[in-house]
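Visitor: Next up is a structure, given as structure tokens.
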Amino acid sequence: MPKIVDHEQYRKELLNKCFDLFAQKGYGSITMRQIAEGLGVSTGTLYHYFPSKQAVFEQLAQEICEQDLSAALTELEGAQTLQEGMEALGKYLVKNEDYFIKWTYIWIDFCQHQDSKEMLSNSVFKRTNQRYQQAACDFVGIQDPMLASFVLSFVNGLILEKLWGDETIDFMEQCALLGKMLTAYLPQHRVIVKS
């Protein structure tokens, strides 16, 4: 009897392994052949699931977005106030610091090898950014995309500072400060909205 393969699950397994390959070699340096070798599959199998290296990266970005949001919401579960939520966010960043630094490095490397106009018009990246923004809106309990963008930019900036070797950055302290700032900025002390 032939083996039944869940193609979607297999594609996700391949993507999860691609993260480490991109982190080790960099987007610009790795080839589809090297990706296939690193995954232990033939190039034909790789091309069956992903028509190009950029497609691998785009699908990886989508998958990571969903995994990040799920993991973050689980970590922030139980926070009753915005301040508690921001402090939980700080703990989450500390716990996953290496991962976020690697993912940021991979993104930077990818962006270096892309046309900036193409990046801005890429529907995959627009969708993932919208998902992160909506999650930030839900988390803070607002419907202000500018404020959600600010929160995301703040967190991304902290990760970039860590990537650049700034050892004075303390995720816990910075997120607690952000919580105080947001609480003061918002018209009332909001309870975190669960999505």
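Visitor: Give the residues of segment 1-41 whose amide nitrogen is closer than 19 Å to a point set 7 Å from the Cα of Glu66 in the direction of its Cβ.
Guide: The answer is 5-20, whose backbone nitrogens lie closer than 19 Å to the label point.
Visitor: If you don't mind, there's one more thing I want to ask. Explain nothing, just compute: Karplus ³J(HN,Hα) = 6.51 cos²θ - 1.76 cosθ + 1.60, θ = phi - 60°, for every residue of segment 72-78 in order, whole Hz, x for Gly and Pro.
Guide: 5, 5, 5, 5, 8, 4, x
Visitor: Please work out the FRET efficiency for the pair Ser52 and Arg131, using the Cβ-Cβ distance as r and a Förster radius of 22 Å; give the result to the nearest 0.05.
Guide: With R0 = 22 Å, the Cβ-Cβ based efficiency is 0.45.
Visitor: Oh, and also: For segment 86-91, what does the Karplus curve 6.51 cos²θ - 1.76 cosθ + 1.60, with θ = phi - 60°, yield as ³J(HN,Hα) per residue in whole Hz, taken in order and with x for Gly and Pro?
Guide: Karplus values, whole Hz, x for Gly and Pro: 5, 5, 5, 4, x, 4.
Visitor: Suppose each label sits 7 Å from its Cα in the direction of the beta carbon; what would the Thr183-Glu84 distance come out to in nanometres?
Guide: If labels sit at Thr183 and Glu84, their model points lie 1.2 nm apart.
Visitor: What does the C-alpha gyration tensor say about the overall shape of segment 34-140? Classify as rounded when a/c is under 1.5, otherwise prolate if a/b is larger than b/c, or oblate.
Guide: In terms of gyration-tensor shape, prolate.
Visitor: What are the residues whose amide H is under 5 Å from the amide H of Thr81, where those residues sit 5 or more places off or on another chain and H is modelled from the backbone?
Guide: Amide H to amide H, under 5 Å and 5 or more residues apart or across chains, Thr81 pairs with Ile192.
Visitor: Counting only protein heavy atoms and a 1.4 Å probe, tell me what percentage of the chain's accessible area is made up of carbon and sulfur.
Guide: 53 percent
Visitor: Tabulate in residue order the Karplus-calculated ³J(HN,Hα) for segment 41-49, using 6.51 cos²θ - 1.76 cosθ + 1.60 with θ = phi - 60°, rounded to whole Hz; enter x for Gly and Pro.
Guide: Computed from phi, the couplings for segment 41-49 are 10, 6, 5, x, 5, 4, 5, 5, 8 Hz.
Visitor: Another question, then. For the chain, modelled as a Gaussian network with Cα springs under 10 Å, which listed residue fluctuates most, Asn129, Asn96, Asn16?
Guide: Maximum fluctuation in the GNM of the chain, among the listed residues, is at Asn96.
Visitor: Another question, if that's okay. If each residue of separation counts as 0.36 nm, what is the full-extension length gain between Glu77 and Asp170 once their alpha-carbon separation is subtracted?
Guide: Contour length minus the Cα-Cα distance gives 31.3 nm.
Visitor: Can I ask one more? How would you rank 38-48, 164-174, highest first, on the average number of other Cβ atoms within 10 Å across their residues?
Guide: Highest-to-lowest ranking by the protection proxy: 38-48, 164-174.
Visitor: Continuing with the same structure: Under a 5 Å amide H to amide H cut-off, with H placed in plane at 1.01 Å, what residues pair with Gly141 once short-range neighbours are removed?
Guide: Val193
Visitor: Straight-line reach from Lys12: which aspartates and glutamates fall under 13 Å, measuring Cα to Cα and dropping same-chain residues less than 8 apart?
Guide: Glu58, Glu63, Glu66
Visitor: Here's a follow-up. Quick one: accessible area per residue over segment 8-132, 1.4 Å probe, rounded to a whole number of Å²?
Guide: In whole numbers, segment 8-132 has 53 Å² accessible per residue.
Visitor: Name the trypsin sites (Lys or Arg not before Pro) in segment 1-86 that are in a loop by DSSP and that have at most 16 other C-beta atoms within 10 Å, would you?
Guide: Taking segment 1-86 and a limit of 16 other Cβ atoms within 10 Å, the loop trypsin sites (Lys or Arg not before Pro) found are Lys3.
Visitor: Largest first and in whole Å, give the semi-axes of the chain's equivalent ellipsoid, each being the square root of 5 times a Cα gyration tensor eigenvalue.
Guide: Equivalent ellipsoid of the chain: 34, 18, 16 Å, largest first.
Visitor: What does the extension gain come out to for Glu13 and Asp115, with contour length at 0.36 nm per residue minus their alpha carbon separation?
Guide: Gain on extension, Glu13 to Asp115, equals 33.8 nm.
The values are calculated or read from the model by the stated rules, or taken from the named source; none is laboratory data. Note that the coordinates shown come from a computational prediction; the quantities given were computed from them, not determined experimentally. Please note: Cβ atoms are built from the backbone with ideal geometry, for glycine as well, and neighbour counts cover all protein chains shown. Calculation scope for accessible area: heavy atoms of the full protein, side chains included, ligands and nucleic acids excluded. Shrake-Rupley method; radii C 1.70, N 1.55, O 1.52, S 1.80 Å.
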